[in-house]
Structure formats: C-alpha cells, structure tokens
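J.: Before I ask anything, here is the structure I am working with.
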Amino acid sequence: MERIQKALALLKASHRHLPQSLLGQAIDYALGQWSTLEIFLSDGRIEIDNNLVENAIRPTAIGKKNWLFVGAAGAGERSAIIYTVIESCRRREIDPWAYLRDVLTRLPHLTNRQIQQVTPEAWAKEHRAGATSKAS
C-alpha cells in the first residue's frame, strides 16, 4: 500500500496528467481518501465499502426517480418526508404500517408539544416498554 501511495504521489507530482482529467481526478481522490483507507487496513472490523447503506437507501433512490413527475411541486417534499418516516421506522425495527396507523389516528388529538411523543424513536420506546410490562 505504501508503494501504491508513493506511485500516486509521483504521478501527481509529474504533472503528466491534468488535474481536471479523469486520471488526475482519480489520483486526487485516492490520495485525499488515503487516511480513511489506512484506518480500514488497520482494523479488520471496518467495512471496505458502504453497501449496507447503499442497499438501505436504494428503495428511496428508485422512488425519487419514479415519483419525480408526480404532478405537483410539493409532491417531492411530501415524498421525502414519507420516505424518511418509513426508513426511520425500519432502522428501529418498527412496522411502518403499524406506526403510521397508530400515529395518524392519534395525531388529530395531540397538541404541538406532544408531537415529540410520537416520533419513531419515542414510539418504539413506548411500545417496547409496553411489551416488556405485558410479558412480566
């Protein structure tokens, strides 16, 4: 790896490749990410890629493309909010349908100050505490 780093540094210093060229950009990117690469090399627990994150956001990225031309300017913002809520539920191992059904039923009766009680995180804590008390 040290040899690769030195070779990249020599290529950059030689000025044989314009910084704006694809190779020049690749060299700059590799050298700019080198400290992160060294962390990966020193700790085998660190993933070399971010495939888990990429796979988690893939449905959102596909949805953005599919719903790009929904018909109203505010549709994109509303879609982003819904995708955020659903992904937030998934990350907390909450069934999005159960969460939305419960929260949307309760929402008309809540004050602005009570909204914090129905965020996915607060909702999960409340329901896990309820499940624990029912089990005991």
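J.: With (1) modelled with pLDDT of 80 or more; (2) within 30 Å of Trp34 (Cβ to Cβ); (3) open to solvent by less than 60 Å² (accessible area, probe 1.4 Å) as the list, and Arg45 as the residue in question, which single condition is left unmet?
T.: Exception for Arg45: condition (3).
J.: Counting only residues that are in a helix (DSSP H, G or I), at pLDDT 90 or above and surrounded by fewer than 12 Cβ atoms within 10 Å (Cβ to Cβ), how many does region 77-106 have?
T.: 4
J.: Tally up the residues in region 11-38 that are loosely packed, with under 10 Cβ neighbours inside 10 Å, assigned to a helix (DSSP H, G or I) and either in contact with a helix residue (DSSP H, G or I) (Cβ under 6 Å, 6 or more places away or on another chain) or not hydroxyl-bearing (Ser, Thr, Tyr) (or both), please.
T.: Within region 11-38, residues that are loosely packed, with under 10 Cβ neighbours inside 10 Å, assigned to a helix (DSSP H, G or I) and either in contact with a helix residue (DSSP H, G or I) (Cβ under 6 Å, 6 or more places away or on another chain) or not hydroxyl-bearing (Ser, Thr, Tyr) (or both) number 3.
J.: Determine if region 54-76 includes at least one residue that is open to solvent by less than 100 Å² (accessible area, probe 1.4 Å), closer than 30 Å to Glu2 by Cα and at pLDDT below 90.
T.: yes
J.: Name the single residue, out of those in region 39-59 being of a type outside the set (Val, Ile, Thr) and not in a helix (DSSP H, G or I), that is nearest to Glu87 (Cα to Cα).
T.: This residue is Asn50.
J.: Exactly one of (1) touching a residue at least 24 places away in the same chain (Cβ under 8 Å); (2) in a helix (DSSP H, G or I) is unmet by Gln117. Its number?
T.: (1)
The values are calculated or read from the model by the stated rules, or taken from the named source; none is laboratory data. Remember, predicted model here, so these are calculated numbers, not experimental data. For neighbour counting, all protein chains shown are included, and Cβ atoms are generated from backbone atoms with ideal geometry for every residue, glycine included. Note: areas computed on protein heavy atoms with side chains; ligands, DNA, RNA excluded. Shrake-Rupley method; radii C 1.70, N 1.55, O 1.52, S 1.80 Å.
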